[in-house]
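Worksheet: one structure, shown below.
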Amino acid sequence: MATNPHLDIDQKMLGDIHTSREMMDHLEILCDDFGSRFGGTEGERLAARFFRDKFKAYGLTNVKMEPYKYAAWTRGETTLQITHPVQRDIPCIALPYCPSATVETELVSVGDGAPDDFQNAGRLKGKFVMATSKTPPDVGRFIHRSEKYGRSALAGAAGFIFMNHYDGLGPATGSIADNREAILPGISVAKESGAYLERLLRRKGAVRLKLKTRNRTRQRTSWNIVGELPGNTIPDEWVLIGCHYDGHDISQGAHDPISGLAAIMDAARVLSAYAQDRIDCGIRFVAFGTEEIGLIGAKEYVKAHADELDQIRLMFNMDSAGGGGRKGIVMHYWPELDAFFDQARDQLHDDLPYGHKLSAFSDHFPFFEAGVPSAGMGDVAATFSGRGFGHTAFDTLDKLHLSDLRAAASVASRILLRIACEKKWPAQRRAQQAVDAITAKESNLDNLAVDAAVERLYRRRKKSAEL
Ligand SMILES: [Zn+2]
């Protein structure tokens, strides 16, 4: 049986976490008072100040709101009508970065939107292309909305319709560009509306739709909020823990993301109270801005802190980590850390599943691309089949449980303590070549080639529009 050199601090931190209601109190303010905290809303600004003030109250040092400029998007009115073979209104929402547009054309369905479904691109040209949010069977990886949208754009579609695949959850949202207006309009409909459109297509052969959407994209300021517990003996190295605080504008963003940030704040609270004198390297806490519209805050952080990325021992991403499921470590291919987490698991007397896996869809990714050791909280053995109520109006606070939040805060605080007390950290920043080799091998990153092709198409169109 491994001895636990940090048992004294573990007992204090866990005793405190498990007898405090502070996380739920925070979540009630963040969700019920501030709302979605979507980029550009008043709730976003209030939340940024809230984290700054809490970090200060917890005794963190160098607490800052680090501002950056980005393209904020605001939805206006969007209507979708069937104009043939019947006249009917279909409830829908615009997807973030949808440009203003009026489009009338025929509908084509590509089912679940597997890469093969986009072959015979000719039949998609100039049409509304509708794909579900479901992971297509037999593809062997999760296919993100942005890939289905991107393949539609590359096929010359006139518009994209994202159909939720869950009963009774309304339309599912998600951005269709990163930090700029999208190349073609994209909207979202409930499963029930999409199924009706599919039936109409099957029975009547052709369906015409008219979309009218008015939205606004303009430059605004957002913030990453940063606070530190300084290291005692290795002050120029850091473990960084972070989670974004913006949700989507149609929801409270309770599970995604803010459950993870509530757990981080509790970890900050107990580490500051009981472990400040024990840690060797520093711990940096970051609430990232505007993740949902292109990982913008995390990209800005990596840019602004480029000269100290070598000093980050690990970027630990807690996006949505306070929901259900086992609280383990999903490393982004850092086998040199296996021995460390194996020992930590022995000390914690917890199941702490750990392993290696990677996706491009959260704030760790800009760090991964910069070669910084990174990981997320989660269960490496779990397979992701879809978001459920995530990214719908039903991602609300009533779905969260204090027991899950406590489990996340407990694991986070104990793991941070151990990383910060390691005399010699076994992982160093990777060279660009090593990053590229992993990117090329990982099928979960196949979407990046589609993203790059859409970006090239966007630039070409923009250039020809300017000529
Ligand atoms: Zn998230």
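For the pair segment 14-34 and segment 74-125, the centres of their Cα atoms are 41 angstrom apart. Neighbour counting of Cβ atoms within 10 Å sorts the residues THR290, THR439, THR78, THR173, fewest neighbours leading, into THR439, THR78, THR173, THR290. In the chain, a dipole from Cβ-located charges (positive for Lys and Arg, negative for Asp and Glu) runs towards its positive end, and of THR439, VAL86, LEU457 it is VAL86 whose Cα lies farthest in that direction. For TYR354, the amide hydrogen comes within under 5 Å of the amide hydrogens of ILE329, counting only partners 5 or more places away or on other chains and with H modelled in the peptide plane. Evaluating kT/(6 pi eta Rh) at 37 °C and 0.692 mPa s, with the Kirkwood radius of segment 1-140 over Cα pairs in the Stokes-Einstein relation, gives 155 µm² s⁻¹.
FRET efficiency for the pair ASP25 and SER100, taken as 1/(1 + (r/R0)^6) with r the Cβ-Cβ distance and R0 = 56 Å, rounds to 0.85.
Could you tally the net charge around ILE419, taking each other residue with its Cβ under 13 Å from the Cβ of ILE419, Lys/Arg +1 and Asp/Glu -1?
Computed value for this residue: +4.
Exposure proxy shown here: for HIS305, HIS18, HIS244, the number of other Cβ atoms within 10 Å sets the order, fewest to most, as HIS18, HIS305, HIS244.
Close amide-amide hydrogen proximity is noted between ILE234 and CYS281, each under 5 Å apart and 5 or more residues distant or on a separate chain (H modeled in the peptide plane; Pro and chain starts excluded). With the helix formula -39500 (n - 2.57) applied to DSSP H stretches of n ≥ 4, the chain reaches a computed 222 nm mean residue ellipticity of -10000 deg cm²/dmol. On a C-alpha basis, how far is the centre of segment 143-161 from the centre of segment 324-374 in Å? Whole number, if you could? The two parts, judged by their Cα centres, are 32 Å apart. Computed on the chain, with alpha-carbon pairs under 8 angstrom and 6+ residues apart, the relative contact order is 20 percent.
Give me LYS357, LYS69, LYS424 sorted ascending by neighbouring Cβ count inside 10 Å, so fewest comes first.
Starting with the residue having the fewest Cβ neighbours, the order is LYS424, LYS69, LYS357.
Computed across the chain, the Kirkwood radius stands at 23.0 Å (inverse of mean 1/r, all Cα pairs).
No lab work stands behind these numbers, since they all come straight from the coordinates. All values reported here derive from a predicted model rather than from experimental measurement. Every residue, glycine as well, gets a Cβ built from its backbone with ideal geometry; the counts of neighbours run over all protein chains shown.
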